[in-house]
1. Determine whether Ala386 is closer than 30 Å to Gly54 by Cα and buried (at least 16 other Cβ atoms within 10 Å of the Cβ).
2. Report yes if Ala423 is in contact (Cβ under 8 Å) with a residue 12 or more places away in the chain, farther than 30 Å from Ile348 by Cβ and buried (at least 16 other Cβ atoms within 10 Å of the Cβ), otherwise no.
3. Can you tell me which of Glu104, Glu4, Glu112 is under 23 Å from the mean Cα position of the chain (by Cα), under 17 Å from Leu139 (Cα atoms) and buried (at least 18 other Cβ atoms within 10 Å of the Cβ)?
4. Whether any residue in segment 121-143 is in a loop (DSSP other than H, G, I, E, B), aliphatic (A, V, I, L, M) and either over 22 Å from Thr250 (Cβ atoms) or over 18 Å from the mean Cα position of the chain (by Cα) (or both) is what I want to check.
5. Got a sec? Which strands (runs of 3 or more DSSP E) wholly within segment 186-290 have at least 2 residues that are surrounded by 23 or more Cβ atoms within 10 Å (Cβ to Cβ)?
6. How about segment 339-373: which of its residues are within 22 Å of the chain's Cα centre (by Cα) and either modelled with pLDDT under 85 or closer than 30 Å to Glu55 by Cβ (or both)?
7. Scan segment 231-264 residue by residue and report those that are polar (S, T, N, Q) and either more than 18 Å from Ala423 (Cβ to Cβ) or touching a strand residue (DSSP E or B) at 6+ places or on another chain (Cβ under 7 Å) (or both).
8. Just the residues that are among the polar types (S, T, N, Q), touching a strand residue (DSSP E or B) at 6+ places or on another chain (Cβ under 6 Å) and within 22 Å of Glu389 (Cα to Cα), please, taken from segment 93-149.
Amino acid sequence: MKLELGTFEVADVVISDKSELAGGTLYVDVRKIRELVLEDSNFSGVEVHLARPGESTRIVNVLDVVEPRHKIAGPGRVFPGLLGPPTMVGSGRTHRLSGVTVIETSESLDGEPNFWRDSMLDMSGPGAEYNLFADKLNLVLEFEPKTEFSDEELERLALTNLNRGSAWVEHYHRSVRIAGLKVAEHLAECTRDLEPDRLDTYELGPVDPELPRVAYSCQVLFHLLYGEFLGSLPALVHPNELMDGALVNTHNTVASTRDATHVLQNHPVVRELYDLHGKELDFVGVLVYQGQIKSQDDKEQSTDHALTALQMMAVDGIVMTWTGAGNPGIDVMLLCQKCEQQGIKTTIINTEMGLTPEDTGFVHFVPEADAIVNAGNYEETVTLPAVEEVIGGPKLMEPDLDAAGPLEVPLRYLHGSTNVMGASRLAGVRY
């Protein structure tokens with residue numbers, strides 16, 4: 001599988017009556033964006049904002065962040081299963097816009113779990129130091145849900161899933177993701193007939209058989225793989241599939257560890273393993289598995305199947321990341337233990353959740369987990385100054401907190417601040 005990834009650097013974004021890229025400036029047709037969003041009757045409206053680096057702006061109720069990409073050649077379409085059929089992607093040629101993002105925001109709905117729902121991005125000040133998007137030009141979509149329902153739709157408003165909410169909430173959030181992806185694809189589509197500033201090729205070619213075989217184990221939480229939720233069994237994917245948007249984030253809890261689709265598209269662990277492929281190791285693939293598995297029997301089944309897949313690939317070691325929540329912390333440690341007991345070396349990228357220095361920071365721990373990279377403690381507090389503009393809604397879920405600030409909050413409020421996919425700007429150092 002060979003993928004050419006063409007990069008177009010975007011230095012500025014200008015609102016216009018036509019979407020095009022010229023001289024490093026992306027011209028955005030807001031009318032067209034509204035048309036794309038409002039094709040879905042689940043929305044009553046959408047506001048389009050532009051948040052620039054250095055502005056006194058706070059974006060709240062952040063659901064996801066996407067990098068604009070468009071498939072130029074090869075099978076399928078970017079974000080398969082959500083935009084078009086679930087055709088396997090990862091080969092051919094794809095164009096990307098670097099330096100610009102599409103951010104999806106929406107206030108919480110009735111029937112939606114609100115624990116740890118708050119998620120914010122600051123474009124300046126100390127909060128900007130914790131996120132990956134403060135130095136980018138961010139096109140922010142502020143979605144407004146419909147408010148009138150048929151009798152049949154009213155039956156779907158009842159809370160049915162404590163993690164994801166009512167059937168209507170799940171349906172609405174899928175619509176939000178699809179709308180954001182459509183806008184992202186639309187923006188990148190204007191590069192179809194242009195030559196990129198840089199063209200990179202990704203292919204897992206043959207290497208020295210003496211090199212250690214290394215896989216990446218990617219734990220997810222209610223993500224969509226080719227448009228579908230993962231069950232309890234893991235899936236083996238080629239790293240190129242992630243670059244084409246086969247894996248899309250949909251979970252809305254613990255903002256600090258929320259791995260935006262943008263991060264999955266530009267996955268730091270995948271990129272690092274690709275860079276080392278053929279030099280220090282043989283990168284053999286990505287194992288994606290669901291982390292929110294409820295029963296012990298299902299946890300055993302899931303990790304047993306993951307171990308079997310890794311053994312069939314004859315791996316010598318794996319890099320493991322987890323979602324940063326409590327229940328999934330048990331799963332990642334269980335898989336680590338089983339791998340180590342079978343001679344497969346493991347390295348875990350981990351975030352802490354300790355309220356005091358005396359807390360271990362782990363929900364569960366096994367002695368075999370002896371190589372851990374610390375991505376920060378999401379209970380550590382940060383002080384954020386007041387801002388001039390708030391995008392995404394006037395308030396936070398915490399009733400005593402004014403979205404405009406000033407604020408003193410744990411890092412878990414800050415989107416991606418302790419990201420465990422290798423995208424965090426924090427690290428724990430023992431000294």
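The values are calculated or read from the model by the stated rules, or taken from the named source; none is laboratory data. Not measured: the values here are computed from a predicted model. Neighbour counts are summed over all protein chains in view; Cβ atoms, including those assigned to glycine, are modelled from backbone coordinates with ideal geometry.
1. Working: closer than 30 Å to Gly54 by Cα: yes; buried (at least 16 other Cβ atoms within 10 Å of the Cβ): no.
Against the criterion (closer than 30 Å to Gly54 by Cα and buried (at least 16 other Cβ atoms within 10 Å of the Cβ)), Ala386 does not qualify.
2. Details: in contact (Cβ under 8 Å) with a residue 12 or more places away in the chain: yes; farther than 30 Å from Ile348 by Cβ: no; buried (at least 16 other Cβ atoms within 10 Å of the Cβ): yes.
So Ala423 fails the test.
3. Numbers: Glu4 fails: under 17 Å from Leu139 (Cα atoms); Glu112 fails: under 17 Å from Leu139 (Cα atoms).
So the residue among Glu104, Glu4, Glu112 that is under 23 Å from the mean Cα position of the chain (by Cα), under 17 Å from Leu139 (Cα atoms) and buried (at least 18 other Cβ atoms within 10 Å of the Cβ) is Glu104.
4. Keep residues of segment 121-143 that are in a loop (DSSP other than H, G, I, E, B), which gives 123-125, 131-136.
Next cut, aliphatic (A, V, I, L, M) only: 123, 132, 134.
When the remaining residues are screened for being either over 22 Å from Thr250 (Cβ atoms) or over 18 Å from the mean Cα position of the chain (by Cα) (or both), the result is 123, 134.
Yes; the residues of segment 121-143 include at least one that is in a loop (DSSP other than H, G, I, E, B), aliphatic (A, V, I, L, M) and either over 22 Å from Thr250 (Cβ atoms) or over 18 Å from the mean Cα position of the chain (by Cα) (or both).
5. Values: elements: 198-203, 213-220, 235-237, 282-290.
Per the criteria, 213-220, 282-290.
6. First, pick out the residues of segment 339-373 that are within 22 Å of the chain's Cα centre (by Cα): 347-353, 372-373.
Hits for segment 339-373 are Thr351, Glu352, Met353.
7. If we filter segment 231-264 for residues that are polar (S, T, N, Q), which is where we start, we get 232, 240, 249-250, 252-253, 256-257, 261.
Those that are polar (S, T, N, Q) and either more than 18 Å from Ala423 (Cβ to Cβ) or touching a strand residue (DSSP E or B) at 6+ places or on another chain (Cβ under 7 Å) (or both): Ser232, Asn240, Asn249, Thr250, Asn252, Ser256, Thr257, Thr261.
8. Taking segment 93-149 and keeping what is among the polar types (S, T, N, Q), we get 94, 98, 101, 105-106, 108, 114, 119, 124, 131, 138, 147.
Next, only the ones that are touching a strand residue (DSSP E or B) at 6+ places or on another chain (Cβ under 6 Å) stay: 94, 98, 101, 105-106, 119, 131, 138.
The answer is Thr101, Thr105, Ser106, Ser119, Asn131, Asn138.
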